[in-house]
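*Asks:* Dumping the structure here so I can ask a few things about it.
No value in this document is a laboratory result; all are computed from the given coordinates. Predicted, not measured: the structure shown is a model, and the values here were computed from it. Note that each Cβ is placed from the backbone with ideal geometry, even for glycine, and that neighbours are counted across all protein chains shown.
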Amino acid sequence: MCPAADFALLIEAERIRLAYTYDPHFAVSLSGVEPLPHQLEAVYERMLPQARLRFLLADDPGAGKTIMAGLLIKELKMRNAIERVLVLCPAPLTIQWQDEMRAKFDETFEVIRSEVAKDQLAGNVWARFPQCIASVDFAKQDDVAPDLLRAEWDLVIIDEAHKCSARWFGSDVKRTKRYTLAEALSQQADRLVLLTATPHSGNPGAVRVFPAAARL
């Protein structure tokens, strides 16, 4: 390949790398989605401007919270702001998350299961893969959570986050293992996004506590 062609490729690579500074919605152009106005508002006006992101996205079912999370991941990666991403969700949603991130955003995530995470010969599997998805109920286990917390995470996304919440009982807070894990991750990662359609778990009178997140 001639030097002129090499130079043209270099210029094109730099153009793509810096495109977000000229196109505020550049990740949309690179993704297989057509976001709705409320999704653009949440990602580009509310989440991206936060230097140390702490966000509870409590939107209706079917509002496209996974799409918003994918756009956020894409934009932050283009800004070289993140490399390591962890998604925790209910077990039935792990493959759905993996498929949507690959199909719509060309992002590859490894689904971490028991047989992989507990393989002592493999070392700390959480540190091996830069982008991981796992069931929150698997991740909270006493023999799994320590290795998960030893890995570094730039962005942590917790889907169905109301299942990780704690509850007030008088002056006491009842912390579950899910909450304890989410709280530890919130202290470790600079960016935390909690996704839920039912922040009160169907009980409007319940007073719930979420780990270190702001509200939209």
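*Asks:* Which length gain, in nm to one decimal place, applies between ALA91 and ASP119 when the Cα-Cα distance is subtracted from 0.36 nm times their residue separation? It would help to have the intermediate numbers written out before the result.
*Replies:* On the way: separation 28, 0.36 × 28 = 10.08 nm, distance 1.98 nm.
Roughly 8.1 nm would be gained on extension.
*Asks:* Still on this structure: Tell me, what is the FRET efficiency for ARG46 and ALA103 to the nearest 0.05, using R0 = 25 angstrom and their Cβ-Cβ distance as r?
*Replies:* It comes to 0.50.
*Asks:* Could you sort out which of LYS65/LYS177; LYS104/LYS177; LYS118/LYS140; LYS77/LYS163 sit more than 21 Å apart by Cα distance in this structure?
*Replies:* Details: LYS65/LYS177 24 Å; LYS104/LYS177 32 Å; LYS118/LYS140 13 Å; LYS77/LYS163 28 Å.
From the list (LYS65/LYS177; LYS104/LYS177; LYS118/LYS140; LYS77/LYS163), the Cα-Cα distance tops 21 Å for LYS65/LYS177; LYS104/LYS177; LYS77/LYS163.
*Asks:* While we're on this one: Between ALA5 and GLN188, what length in nm is gained on full extension when 0.36 nm per residue of separation is reduced by their alpha carbon distance? Write down the numbers at each step before the final one.
*Replies:* Numbers: separation 183, 0.36 × 183 = 65.88 nm, distance 4.41 nm.
Value of the extension gain: 61.5 nm.
*Asks:* Determine the gain in length on full extension of the stretch ALA127-ALA197; use 0.36 nm per residue of separation and subtract their C-alpha separation, reporting nm with one decimal.
*Replies:* On the way: separation 70, 0.36 × 70 = 25.20 nm, distance 3.05 nm.
That works out to 22.1 nm of additional length.
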